[in-house]
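First up is the structure itself, then whatever we jot down about it.
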Amino acid sequence: MKQGNKQADQIIIFDTTLRDGEQSPGAAMTKEEKIRIARQLEKLGVNVIEAGFAAASPGDFEAISEIAKIIKQSTVCSLARASENDVRRAGEAIKHAASGRIHTFIATSKIHMENKLRMSEDQVVERAVQAVKWALEYTKDVEFSAEDAVRSDMDFLVRVFDAVIAAGATTINVPDTVGYSIPAPWGERMRDLIARVKDSDKVVWSTHCHNDLGMAVANSLAAVMGGARQVECTINGLGERAGNASLEEVVMALRTRRDVFHLETSIDATQIVPTSKLVSTITGYPVQPNKAIVGANAFSHESGIHQDGVLKHRETYEIMRAEDVGWGANKLTLGKLSGRNAFRTRLKELGIELATEDLLNAAFARFKDLADKKSEIFDEDLHALVSDEFLSVATEHFKLVYLQVASVTGEVPHASITLSENGQEKRAEASGGGPVDAAFKAIESIANSAAELQLYSVNNITSGTDAQGEVTVRLSKGGRIVNGQGADTDIVVASVKAYLNALNKIQSKSERAHPQV
């Protein structure tokens, strides 16, 4: 059996980290950051990269366009609502892609059609067909999604899918947009649709599951059992609300249980952990330690019984090898005596290409400083270092000039700070409940941002007491939510960097429109 000229034993991995993942509060990425992640997704072996929502903002359009020019091995896709402006913006954004796709969607559930779209069933079908026709003017690779398919009437879904396939759609996506389904009914719905839709064998059937009930991966795999041959997912399960199906979990489930699925993917599993860490670093969303596959404890054994069993025979308690998904291969053989060429070469191997010599020189200088502080440098340190460099280049309003903190047992912590605000140096002092609190209060006495601190998170980038601390700060102001990141071997300095990075994002006039608005 074949679907859309794709072998039925091959699962297409459609990654939407750069689009749906970016819809996580505060996870918006710069163009440069999106390009870095796209390069790594290509290295990972992702079949389709949904690079963004071209009509959402000029910034998103530019990022998709640049990714389309750069990526050669993966299909580059843009999302578009079923409106002419959206579809044409998507078409323009992907026009330079070696392989481009337009992914258009419209809601098909009664609750969405009546309350959000204010459209009849006939109008929805007409709009869906027209959107596919507009998309075909730009590419032969057109995906159609029935938003909220989980709560849509089956007869109406069949009608819509019949119409868009006749119009020329090549991939049909059945999304659980609100994370409402459970595995058995979801697999049955996919099976029924494939059986009832005319010419169902001429398209690739896809599933896109959200994790509101914690079953996105299970639902995705149930859809695969029901005949889906494309799974839409994100790195680390990033995404709106509770997130999306986790790419790493879907891929490793298919790989580990080949006896059940008899299916393959094109994913290079050894790139899973490096990709996870890059996405976590850039978005500021840390991975929980007990997260499957990519969590720090995923291959750790605390129980004496488990430890004894693993030492005697690994497979007693491990169904996967840590090295197969990229753990343990992260040490960088560079040091204080390494030259710029070796540094540049390693960055390129990691999928990091700095656009100018000035950026490379600045990053190399930071590397030398870090090598003076740390005995071992890891790939994660480089990712954080380069991210920090991009952040410092983007930082124009506030810059850290000087910081001194005092934290003595029995005394109130105190911070003195000098900031450059639009080139003018300003100094402030403050006391607080701890050195970080004191530093933040000193910053605010200068900035007067009136922003609300929603999250303060600290993670070590690598192991050891000399490890860099990676701090994420989430600020909210006027309905806008931003994440700031900072990394340093001194956790207070890292915290200040993160806070200033968030403040600079708030000061920035560029704001990404939410795709669903």
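Throughout, read-outs are computed from the coordinates displayed, never taken from laboratory work. Worth saying up front: this structure is predicted, and the values here are computed from it rather than measured. With ideal geometry, Cβ positions are generated from the backbone for all residues, glycine too; neighbour counts draw on all protein chains shown.
This ranking places Trp186, Trp134 by how few other beta-carbon atoms lie within 10 Å of each, fewest first, which gives Trp134, Trp186.
Multiplying the residue separation of Ser508 and Ala242 by 0.36 nm and removing their Cα-Cα distance gives an extension gain of 93.0 nm. Between Asn85 and Thr256, the simple label model (points 7 Å from Cα in the Cβ direction) yields a spacing of 4.7 nm. Ordering Ala228, Leu382, Val471 by Cα displacement along the dipole of the chain toward the positive end leaves Ala228 in first place; charges were set at the Cβ atoms of Lys, Arg (+1) and Asp, Glu (-1). The charge dipole of the chain, taken about its Cα centre with unit charges on the Cβ atoms of Lys, Arg (+1), Asp and Glu (-1) only, comes to about 700 debye.
Annotation: Cα Rg of segment 8-283 relative to the compact-globule expectation 2.2 N^0.38 Å equals 0.92.
Calculate, for Ala342 and Arg321, the FRET efficiency according to 1/(1 + (r/R0)^6) with r their C-beta to C-beta distance and R0 25 Å; round to the nearest 0.05.
Once rounded, the FRET efficiency stands at 0.25.
Can you work out the PRE-style zone for Ile182? Point 7 Å along Cα to Cβ, and I want the residues of segment 193-236 with backbone N under 11 Å. Once the point is set 7 Å along Cα→Cβ of Ile182, nothing inside segment 193-236 turns out to lie under 11 Å by backbone N. Each label point was placed 7 Å from the Cα along the Cα-to-Cβ direction; for Gln10 and Glu357 their separation is 4.4 nm.
Could you put Phe440, Phe161, Phe343 in order, starting from the residue whose Cβ has the fewest other Cβ atoms within 10 Å? Could you put the intermediate results ahead of the total?
Working: Phe440 23, Phe161 27, Phe343 18.
Placing the least packed residue first, the sequence is Phe343, Phe440, Phe161.
Length available on full extension from Glu62 to Ala292: 0.36 nm per residue minus the Cα-Cα distance, which gives 79.4 nm.
Which of the three applies to segment 54-110, rounded, prolate or oblate, going by the alpha-carbon gyration tensor with a ≥ b ≥ c and a/c under 1.5 meaning rounded?
prolate
Calculated FRET efficiency, Lys110 and Asp490, Cβ-Cβ r, R0 56 Å, to nearest 0.05?
0.50
If a spin label sat at a point 7 angstrom from the Cα of Met154 along the line to its beta carbon, the backbone N atoms of segment 177-198 nearer than 13 Å would be those of 185-197. Taking label positions 7 Å along the Cα-Cβ direction at both Lys140 and Asp162, the computed distance is 2.7 nm, reported to one decimal.
With both partners inside the chain, how many of the DSSP beta bridges are antiparallel, as a percent to the nearest 5?
50
Report note on the peptides 142-148, 357-363, 172-178, 30-36: ranked by the mean count of other C-beta atoms within 10 Å, highest first, their order is 142-148, 172-178, 30-36, 357-363. With 0.36 nm allotted per residue and the present C-alpha distance subtracted, the Asp268-Lys373 stretch has 34.4 nm of extension available.
Rounded is the label for segment 90-247. Its Cα gyration tensor axes, ordered a ≥ b ≥ c, give a/c under 1.5. Counting every other Cβ atom within 10 Å of each residue's Cβ, Glu411, Glu232, Glu444, Glu126 order from fewest to most as Glu411, Glu126, Glu444, Glu232. I need the shape label for the chain. Rule: rounded when a/c is under 1.5, else prolate if a/b > b/c, else oblate, with a, b, c from the alpha carbon gyration tensor. It is prolate, given that a/c is not under 1.5 and a/b is the larger ratio.
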